[in-house]
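Heads up: the structure comes next, in structure tokens.
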Amino acid sequence: MHVNEDARIGVDIGGTFTDLVTIADGAVRVHKTPSTPSDSERGVMDGLEGVAARYGIDPEDIGFFGHGTTVATNAVLEGEWADTALVTTAGFRDVLEIGRQARPDIYDFDAEKPTPVVERDRRYEVVERLDERGEVVEPLDEASVEALASELADVDSVAVSLLYSFENDAHEQRVKELLRAQGVDASFSLSSRVLPEIREYERTLTTGLNAALKPVMDSYIGRLETRVAEEGVGTDVKIMQSNGGIITADAARDRPVNTLLSGPAAGVQGATYVAGLAGIEDCITMDMGGTSCDVSLVEGGDPLVTTDVEVGDYPVSVPMIDIHTVGAGGGSIAWTDAGDALRVGPRSAGAEPGPVCYGRGGERPTITDAHAMLGRIDPSRFLDGPSPDDAVRQAVRDHVADELDMGVAEAAQGILDVANANMARALRVVSVERGYDPRDFGLVAFGGAGPLHACKLARELEVPRVVIPRTAGVLSALGLLISDVLYDYSTSKVRPWTDVEPRTLAESFTTFRERGSDRLDTEGGTADSLQFERSVDLRYAGQSFELTVPVPGGEVDEDTLETVVERFHDRHRQRYGHAYEDEPVELVTVRLRARGVVDTPDLHPEPVEGTVDDAVRETRDVVYDGRTHETRIYDRRLLPTGTGFDGPAIVEGTESTVVVHPDQAASVDEYGTLLVEVNA
């Protein structure tokens, strides 16, 4: 096939499959290939070869290569990172060990703190001290720094986190210069660059993690770039960040800590875009795969971003899309606890052996098996040699029904009810608990299992409409193709808001804007494609945590400061149900996001002609909430554009299956997106 324009390809590596979405000549093409955990790049190469063989899109036709990676995440979860040292202010060597007073489980006397990213014998002190405004209290003792050189001769990476360096980075920069001059051949991460913000533990931990991950990410990206280039791809590799923006491979090498939620963030971006095409700017996204379910909230077309995220056992304070995860996926195993209560997850059957109905040796019933039992999915549609229904029924009976003294169909429904309860709690965490009413939002469901549960969950939370994208099973890969280039800049300046002068605040924004503009210029951004979004973190005096408030555009003057405070009171009232308008307000952190807006592709598919009846594959009995209904089974590929149908219905796609419940109505929009009216 001859490609008339540069193809854009997004590659997302998951635990089971590597997903590739390619857009060329206005057509969207999807390819899935098994992931290769021991050699992640091999799965990417297999995918590129598959795209070329299946669609005739050769590597040299590719003009954009976006990648979502779990390399940094897996390294953190598995503790497999580089040999790292930490240099810090005298007296603060053990901040990583001390952490916060919060216990992971207040009633567990055997609870253990997470293993420090840098062991104590690799943590070193230097004599220096700044005050809270960045003024020098004690000059840097350069001799104490130079004396560390021999200790650091064999480390792979060095983290430098000095007290109050976010107000004045001179000492940190000098430490790096001195160690370099003494021959320390390691990568460096400075807290004044990685996270120039307050909270000593979080700042030091994030800087330490970044240092520990730099050699890991550098090695992976180097191998990937080499193999992609050898395959014939002539464009640079771009990496998805946790904040939902694309950055260069070199930027990812320098700040791997910014890629910890790379894959899930791409999915949220894709869901946000598809919802926007359907006219829905406020939505909750739900990505349910084989082992977990990730949920997030989008307001006004922008995913909510937070700096309060834990990855594994570690709080990482860089900006990330606010994603809440629960252990409920299609492969989550159903079991009974010591009190004879039915539980689902977090243990999973994984890809091997997988659910019982896959016929690959699985013996424990899963969420997928419960759907098969109730007639909602037909494994023979997407697998060769699935287990007979009797094997699934026997597994549910042996492990759930007999133990709870109930029928097999009732047990299968119970498995789904428990899983839905877990996911409903997660959806409430990102909506109700943050001051948002789910009734004002749509629900975008994707991932292999998300569309199976979405319509039921939407009814429970009174969400009016469910959106199921055409590429629901590979939405993270699609998200890589529509995401803007983003760089976040910040610095903490803790002081009473009454002490903040418009001029000094404007100077901070100007400095950030210049840095962001220079960065985007080097990546080919044009003046009309650049956007700069200003914000500040504020809190009431005496509070421990703050809220991010957008700063109006234009000149920063006294009116601007008043508007920001009013917005803070409003946000506090929305989040917590009250505001203290007479209490003094403090500035905590100044932020700016530099955005290079990309041209989004046209996702219109080829129109499907015919009638809804032409898409009916069969009719079979399906159980909904304990009641059996005769249900039409539709082939999603054959559903005509602009048509609709009533539930109950099952819509079988190439990557996912949609369950439309009785008294619900579905329609197909011009982009092939399935829209379900929940209370039709």
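Summing Cβ point charges (Lys, Arg +1; Asp, Glu -1) relative to the Cα centre of region 1-117 gives a dipole of roughly 280 debye.
Using 0.36 nm times the number of residues separating ALA147 and ARG515, minus their current alpha carbon distance, what extension gain do you get?
That pair, ALA147 and ARG515, stretches by 129.1 nm at full extension.
Temperature 25 °C, viscosity 0.890 mPa s: under these conditions the Stokes-Einstein estimate for region 501-645, based on its Kirkwood radius over C-alpha pairs, is 120 µm² per second.
For region 1-122, averaging the sequence separation of C-alpha pairs within contact (under 8 Å, six or more residues apart) and dividing by the residue count gives a relative contact order of 22 percent.
The slack between GLU112 and ALA541, meaning 0.36 nm per residue of separation minus the straight C-alpha distance, is 151.1 nm.
Working ranking of peptides 226-235, 564-573, 439-448 by packing, defined as the average number of other Cβ atoms within 10 Å per residue, highest first, is 439-448, 564-573, 226-235. Summarising the label geometry, the points placed 7 Å from Cα in the beta-carbon direction at ARG573 and ASP557 lie 2.6 nm from one another.
Exposure proxy shown here: for MET423, MET286, MET406, the number of other Cβ atoms within 10 Å sets the order, fewest to most, as MET406, MET423, MET286. Simple point charges give the picture: +1 on the Cβ of Lys and Arg, -1 on the Cβ of Asp and Glu, and for the chain a dipole about the Cα centre of about 800 debye.
Considering Cα pairs under 8 angstrom that are at least six residues apart, work out the relative contact order of the chain and quote it in whole percent.
11
Rounded, prolate or oblate: which one fits region 616-672, using the alpha carbon gyration tensor with axes a ≥ b ≥ c (rounded when a/c is under 1.5, else prolate when a/b beats b/c, else oblate)? Verdict is prolate for region 616-672. In this label model, ASP398 and GLU225 are separated by 5.2 nm, measuring between points 7 Å along each Cα→Cβ vector. For region 536-554, the residues whose backbone nitrogen is under 20 Å from a point 7 Å from the Cα of ALA102, taken along Cα to Cβ, are 537-549.
Ranked by the mean number of other Cβ atoms within 10 Å of their residues, highest first, the peptides 32-42, 203-213 come out as 203-213, 32-42. Between region 478-515 and region 135-168, the C-alpha centres lie 27 angstrom from each other.
Listing LYS493, LYS113, LYS214 from fewest to most neighbouring C-beta atoms within 10 Å gives LYS113, LYS493, LYS214. Sequence-ordered 3J(HN,Hα) estimates for region 665-677 from the Karplus curve with 6.51, -1.76 and 1.60 and θ = phi - 60° stand at 10, 10, 9, 10, 8, 5, 9, x, 6, 8, 10, 10, 7 Hz, glycine and proline given as x.
Centre-to-centre separation between the Cα atoms of region 422-451 and those of region 568-600: 23 Å.
Sites listed here are GluC sites (Glu not before Pro) in region 299-369 whose DSSP assignment is loop and whose Cβ has at most 14 other Cβ atoms within 10 Å: GLU363. Rg and Dmax over the alpha-carbon atoms of region 76-217 stand at 15.1, 50 Å.
Among HIS67, HIS453, HIS629, the order by Cβ neighbours within 10 angstrom, fewest to most, reads HIS629, HIS453, HIS67. Farthest towards the positive end of the charge dipole of the chain, among the residues LEU152, LEU478, THR368, is the Cα of THR368, using unit charges on the Cβ of Lys, Arg, Asp and Glu. About the centre of its Cα atoms, region 76-217 shows a dipole size close to 280 debye [charges on the beta carbon of Lys, Arg (+1) and Asp, Glu (-1) only; nearest 20 debye].
The gain in end-to-end length when the GLU462 to GLU501 segment is fully stretched comes to 9.5 nm, 0.36 nm per residue minus the alpha carbon separation. Most tightly packed first, judged by the mean number of other beta-carbon atoms within 10 Å of their residues, the peptides 460-473, 17-30 read 460-473, 17-30.
Overall form of region 543-613: prolate. Here a/c, set by the Cα gyration tensor axes a ≥ b ≥ c, is 1.5 or more, and a/b is the larger of a/b and b/c.
A crude spin-label estimate for the pair GLU533 and ARG347, with each label 7 Å from Cα along the Cβ direction, gives 4.2 nm. Our coupling estimate for region 653-658, obtained by passing each phi through the Karplus curve with A = 6.51, B = -1.76, C = 1.60 and θ = phi - 60°, is x, 6, 10, 7, 10, 9 Hz, Gly and Pro reported as x. Over the chain, DSSP H runs of length four or greater, each weighted -39,500 (n - 2.57), average out per residue to a 222 nm ellipticity of -9500 deg cm²/dmol. Would you kindly calculate the mean projected area, averaged across all directions, of the convex hull enclosing the Cα atoms of region 286-437, in square nanometres? Reported value for the Cα convex hull: 11.0 nm².
Qualifying trypsin sites (Lys or Arg not before Pro) in region 71-158, where qualification requires a DSSP coil assignment and no more than 13 other C-beta atoms within 10 Å, comprise ARG100, ARG133. The 3J(HN,Hα) values that the Karplus relation (6.51, -1.76, 1.60; θ = phi - 60°) gives for region 335-350 are, in residue order, 7, 10, 8, 5, x, 6, 9, 6, 10, 9, x, x, 4, 10, 6, x Hz. Gly and Pro appear as x. Straight-distance candidates among the lysines for linking to LYS214, with alpha-carbon spacing under 25 Å and chain neighbours fewer than 8 residues away dropped: LYS113, LYS176, LYS238. Separation of region 615-671 and region 287-340 by C-alpha centroid, Å? Here the answer is 28 Å between Cα centres. Rounded to 0.05, the FRET efficiency of the TYR201 and THR619 pair, given R0 = 56 Å and the Cβ-Cβ distance, is 0.40. Quick one: what does P(r) look like for the chain with 20 Å bins over all Cα pairs, in whole %? Pairs per bin, as whole percents: 17, 49, 30, 4, 0.
Rank ALA411, PRO139, VAL311 by how far each Cα sits towards the positive end of the charge dipole of the chain (+1 on Lys, Arg Cβ; -1 on Asp, Glu Cβ) and give me just the farthest. The residue sitting most towards the positive pole is ALA411.
Take every pair of alpha-carbon atoms less than 8 Å apart whose residues are at least six positions apart; their mean separation over the length of region 165-221 yields a relative contact order of 34 percent. Pick out, from THR600, CYS283, THR36, the residue whose Cα sits farthest towards the positive end of the charge dipole of the chain, with +1 on the Cβ of Lys and Arg and -1 on the Cβ of Asp and Glu. The residue sitting most towards the positive pole is THR36.
Each value in this text was obtained by applying a stated rule to the coordinates, not by laboratory testing. Since the model is a prediction, treat every value here as computed from it, not as a measurement. Glycine gets a Cβ as well: all are built from the backbone with ideal geometry, and neighbour counts include every protein chain shown.
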